[in-house]
Structure formats: structure tokens, C-alpha cells
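Novice: Here you go, one structure.
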Amino acid sequence: MNADRITEKLSILADAAKYDVSCASSGSKRKNENKGLGNASNGICHSYTEDGRCVSLLKILLTNYCIYDCAYCVSRKGNDIQRAAFTVQEVVDLTINFYRRNYIEGLFLSSGIFKDADFTMERLVQVAKKLRTEHKFNGYIHLKSIPGASDELMREAGLYADRLSVNLEMPTEEGLKLLAPDKNRQDMIDPMQFLKDEIILRKEEKKLFKKAPLFAPAGQSTQVIVGATPETDQQVLQSANYFYQNFNLKRVYYSGYVPVLADKRLPALNTSVPMVRENRLYQADWLMRFYGFNVNEIVNQGQPLLDLDIDPKLSWAIRNMQAFPIDINKADLQLILRVPGIGVQSAQKIVSARKFGKLNWDQLKKIGVSVNRARYFVTCNSPEFERRDLTGNNIKQFILAESQSKYLKNKPNQLNLF
């Protein structure tokens, strides 16, 4: 192995992979047996696990050569950039060497398209297979599935990878046709449907046969690019909601478009998607997945864009003041989850703690409630903060005056470009 050439490839292909954000994961339980290497558990890729650990992975492309000319992609075939490609063995050796030096706990591997989907997907699968079978590697492996790849390759990939993901790229089919006319949306949907069916089938097998092989134990995810095309937040979230409901996705990742190429179909090079918009989409996503919110409660025809000044839960509460205040000592869990400043764990603790006595503000604060927000929407066993003559706009101004989001210091006007 030529060390200098490998280092050069690593620099090129690690930099090219930075635009893919869908590499944080959780849910895989791959035990280390037979004195193998690594042990995948809660999460990988510079992300924080449920127990607070920060974990990392090797995140690279197999190649940045590509047969497609997608307007938004830095690796598009028409872009004049330095190209490189790893061999299967080079990726395997890098992963093992980095792991032995305690630099990483797993691998996130994506790729441009060499000459067709199957040719590329076969090499991704070979990397995972070699790591698992030859090196007994039990660390986390996330493979980017190539749209259009055969079911046989997808099935084999699921036997060696912890998570598989197919990038939708654009939130809508119209956006994809505009910026990537060579690509077919159905080529992205078919492998997602296959993975959904296969994951369900393998789970049933596992119930019957204890030693049935694992199949993508951390499930599948996807990524959409936000801001490259003029979709509203409503369209983005409705698309995400559709794929959550129909394909059992673990996560949808939202990537704010980074202007890297000049193209009349794209935003200008000196503009970028406000980081706060990306952040609000993730917050809205959590409301849909964990707080029982319907997508139409968060965004709708009358309000298709998320409020950049305040988070989506607070925005909903201010628009629905008729639902408040609620008595924190009597309301059911689903109502408590809708109160700004109260998270899932805090809501569950409230329901458990109030069995032993009525809760006051001090107790709610100890539980973890953000009292500076919740005080406008609940009553408890205390007269303090009992001000009920405030309008939604008054509450918004009070909360904004008390907190300054780090995301609001610089707000580009990218949203106004379309």
C-alpha cells in the first residue's frame, strides 16, 4: 500500500463525504463474539448516545467519480474536481488500522456511481463482508444503498451492515427532476420498500429461530436536501411523514443546501440555508415522532414555513392558546407533552411523581421542566407565575427576551430567494 497515495485519497474522499449528514445512528446490538474486533451498541459517528458518550466513525466515499450530473452535488461528473477511488481492500485496511488506533468505532461508507448501481453496490457490500467475515469486525457499519441496485445485493448488504440508507436527495419528485433529471425517484423508493419488507421478515424469523442472522438491526434512514429547491417546510415535513409511515424509517435527516456550484437552477453561491431552518425541521421531526403531533398541526397551507424565531412546539402552543392553561396535576400525558418546556422524560416523571402529591414549581424544576416556558401554559400547586391575561404574541416576546438562540446571531435570507 502506497501510504502517500492512500493519504491523498483519504483527504479527497473524506472531504467529499462531509455533505452527507445521515450517519448518526442508534439501535444496533451487534455483540462481540469469538474474540472479534469492535462492539456496536447505541450510536456511531460523532454523535451522542443515550448515555452521553460521544462516538465516532470513519466517514468516506468509496469514490467521487460519478456517472450522474446532479446540479447540487460537488461530485457531479461535470464538475472540475480532483477525483479518486479506493479499492475494496484499501477501505478494509483503513477501517481496521483506524480502529486499532482507537480513532473510530465504525464505518460510514457511501459512494459516487462508478458505471452503474450494481457495480458500485457490489463493492460496498464486499467491504462490509470482508470486515465481518475475514476480520471478525463487530463495530458499526452504515452503508449507503445505491438507488437501482438489485434486491440480491440489498439483501446481502443487510446481512453485514447495521444500517442501510437510500438518499431521497430532494423532498419532492419535482425538485429531483429539476436538479437531477437523469435520476428516477422510483429507483430510490424500490430499495426502501425492499428493505422494509426484508427487515419485517427477518424480525419474524428471529422470533422463531434464535440463531437467525441479523439483518440491518439499526433499520434504514434517508436524507433530504433543504433549500436547493423552493419546497416549503410543509412540503418537506409531509414528505418525511409519508416515508415514516410507509417505509418504517428510523430517521429522516435534513441537510441544508451548501452552495458549492454555480447553476441557474440553484441559489446563488453567496447564500446559504439558515442553520436555524435545519434546526427547526429536526425539532418538528421530533414532535411528529415522539410527541404525538400531526404534521398538519405543525405546518399547513396557512402557515407553510416554520417560525425561525421560536421552536415549533412553542409556535403551536401560541397559535392554540384555547388549549391552555392545563393543570399539571390532572392533565393526561399526551396533553402534558404538548406544553413548551416539557420533554418526553419530564412528562413521564410528572405523571409518576404526582401520584404521591401535588406538584409545585420547585418540584417541576427539579424534574427537568423548563419553567421559564412552561409557566405560561400550566397551573400547578403554587400561585406563582399565575398570569393568564397574556396574548400569544405577548408570551412570544417575553420568551424571546429571556433567551437568545445561538442560531439567530446571523440569519441569511436564503428563504427569500425563490
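Novice: Quote the FRET efficiency, to the nearest 0.05, computed for ASN372 versus PHE209 with a Förster distance R0 of 45 Å and r equal to the Cβ-Cβ distance.
Specialist: The pair ASN372/PHE209 has a calculated efficiency of 0.25.
Novice: Quick check: the angle from helix 88-100's long axis to the longest principal axis of the chain, C-alpha only, nearest 10 degrees?
Specialist: Once rounded, one gets 50 degrees.
Novice: Given H placed 1.01 Å from N in the peptide plane, which residues other than close sequence neighbours of LEU107 have an amide H under 5 Å from its amide H?
Specialist: Under 5 Å from the amide H of LEU107 lie the amide H atoms of LEU58, TYR140, ILE141, HIS142, each far enough along the sequence or on another chain.
Novice: Carbon-plus-sulfur fraction of the accessible area of the chain, 1.4 Å probe, in percent?
Specialist: Roughly 49 percent of what the probe reaches on the chain is carbon or sulfur.
Novice: Starting from segment 82-190, pick out the trypsin sites (Lys or Arg not before Pro) whose DSSP state is loop and whose Cβ has at most 13 other Cβ atoms within 10 Å.
Specialist: ARG101, LYS115
Novice: VAL92: net charge of surrounding residues, Cβ under 9 Å, Lys/Arg +1, Asp/Glu -1, itself excluded?
Specialist: -2
Novice: How large is the translational diffusion coefficient of segment 3-252 in µm² per second when you combine the Kirkwood radius over alpha carbon pairs with Stokes-Einstein at 37 °C and 0.692 mPa s?
Specialist: 178 µm²/s
Novice: From the phi of every residue in segment 266-282, what ³J(HN,Hα) in whole Hz does the Karplus formula 6.51 cos²θ - 1.76 cosθ + 1.60 yield, where θ is phi - 60° and glycine or proline is x?
Specialist: These are the phi-based 3J(HN,Hα) values: 10, x, 4, 5, 8, 10, 8, 5, x, 4, 5, 5, 4, 4, 5, 5, 5 Hz.
Novice: Choose one answer from ASN64, ASN248, ASN296: the residue with the largest mean-square fluctuation in a GNM of the chain with alpha-carbon springs under 10 Å.
Specialist: Looking only at ASN64, ASN248, ASN296, the biggest GNM fluctuation is shown by ASN296.
Novice: Further question on the same structure: Between LEU201, LEU249, LEU143, which gets the highest mean-square fluctuation from a Gaussian network model of the chain, Cα cutoff 10 Å?
Specialist: LEU201
Novice: On to the next question. Lys and Arg at +1, Asp and Glu at -1: add these up for the other residues within a Cβ distance under 14 Å of SER165 and post the number.
Specialist: Charge balance near SER165 sits at +3.
Novice: Further question on the same structure: Which pairs in the list LYS144/LYS183; LYS330/LYS365; LYS136/LYS211 are over 20 Å apart, alpha-carbon to alpha-carbon?
Specialist: None, as every Cα separation is 20 Å or less.
Novice: Now for a different question. For Cα pairs less than 8 Å apart in space and 6+ apart in sequence, what is the mean separation divided by the residue count of segment 312-409, i.e. the relative contact order in percent?
Specialist: Dividing the mean separation by the residue count of segment 312-409 yields 30 percent.
Novice: To continue, here is another question. What pairs from LYS18/LYS196; LYS18/LYS77; LYS77/LYS250; LYS210/LYS355 go past 29 Å between their alpha carbons?
Specialist: LYS77/LYS250; LYS210/LYS355
Novice: Tell me, what ³J(HN,Hα) does each residue in segment 123-129 have, in order and in whole Hz, if you take phi through Karplus 6.51 cos²θ - 1.76 cosθ + 1.60 with θ = phi - 60° and put x for Gly and Pro?
Specialist: For segment 123-129, the Karplus-derived couplings read 6, 4, 5, 4, 4, 5, 5 Hz, x marking Gly and Pro.
Novice: What's the longest bit of the chain with no exposed GluC sites (Glu not before Pro), using DSSP loop states and at most 11 other Cβ atoms within 10 Å as the test?
Specialist: 135-383
Novice: On a 0 to 90° scale, report how tilted helix 233-247 is relative to the longest principal axis of the chain, with both axes built from alpha carbons and the result rounded to the nearest 10.
Specialist: Orientation of helix 233-247: about 60 degrees from the principal axis.
Novice: At 0.36 nm per residue, and after removing the present C-alpha to C-alpha distance, how many nm does the segment from ASN300 to ASP187 gain when stretched out fully?
Specialist: Here the segment from ASN300 to ASP187 would lengthen by 37.8 nm.
Novice: How charged is the neighbourhood of GLY292? Take every other residue with its Cβ under 12 Å from the Cβ of GLY292, and add Lys/Arg as +1 and Asp/Glu as -1.
Specialist: +1
Novice: Could I ask something else about it? Is the shape of segment 312-409 best called rounded, prolate or oblate, per the rule: a/c under 1.5 gives rounded, else a/b larger than b/c gives prolate, else oblate, with a ≥ b ≥ c the square roots of the Cα gyration tensor eigenvalues?
Specialist: Judged from the Cα gyration tensor, segment 312-409 comes out prolate (a/c at least 1.5, a/b above b/c).
Novice: Quick check: residue separation of LYS18 and MET321 times 0.36 nm, minus the Cα distance between them. What number comes out in nm?
Specialist: My answer for the length gained is 104.9 nm.
Novice: So what are segment 80-196's ellipsoid semi-axes, whole angstrom, largest first, if each one is the square root of 5 times an eigenvalue of the alpha-carbon gyration tensor?
Specialist: Three semi-axes, in Å: 27, 16, 13.
Novice: In whole Hz, with x marking every Gly and Pro, tabulate ³J(HN,Hα) for segment 331-346 from phi via Karplus 6.51 cos²θ - 1.76 cosθ + 1.60, θ = phi - 60°.
Specialist: Result, ordered by residue: 4, 6, 4, 5, 6, 4, 4, 8, 7, x, x, 10, x, 4, 5, 5 Hz.
Novice: Turning to a different aspect of this structure: Rounded, prolate or oblate: which fits segment 304-348 when a ≥ b ≥ c are the square roots of the eigenvalues of the alpha-carbon gyration tensor, with rounded for a/c under 1.5 and prolate only if a/b beats b/c?
Specialist: Verdict is oblate for segment 304-348.
Novice: Before anything else, pin down the relative contact order of the chain: Cα pairs under 8 Å, at least 6 apart, normalised by residue count, whole percent.
Specialist: The value is 12 percent.
Novice: With each run of n ≥ 4 DSSP H residues scored as -39500 (n - 2.57), what mean residue ellipticity at 222 nm is computed for the chain after dividing by its residue count and rounding to the nearest 500 deg cm²/dmol?
Specialist: -12000 deg cm²/dmol
Novice: Please compute the modelled spin-label separation between THR133 and ASP389, points set 7 Å along Cα→Cβ, answer in nm with one decimal.
Specialist: It works out to 7.7 nm between the two label points.
Novice: Hey, another quick one. How much area per residue is accessible in the chain when the probe is 1.4 Å and only protein heavy atoms are counted (Å²)?
Specialist: Here the per-residue accessible area is 48 Å².
The values are calculated or read from the model by the stated rules, or taken from the named source; none is laboratory data. Source: prediction; values computed, not measured. Methodologically, a virtual Cβ is constructed for each residue, glycine included, from the backbone with ideal geometry; neighbour enumeration extends over all protein chains shown. Please note that ligands, DNA and RNA were not included when accessible areas were found on the heavy atoms of the full protein model with its side chains. Shrake-Rupley method; radii C 1.70, N 1.55, O 1.52, S 1.80 Å.
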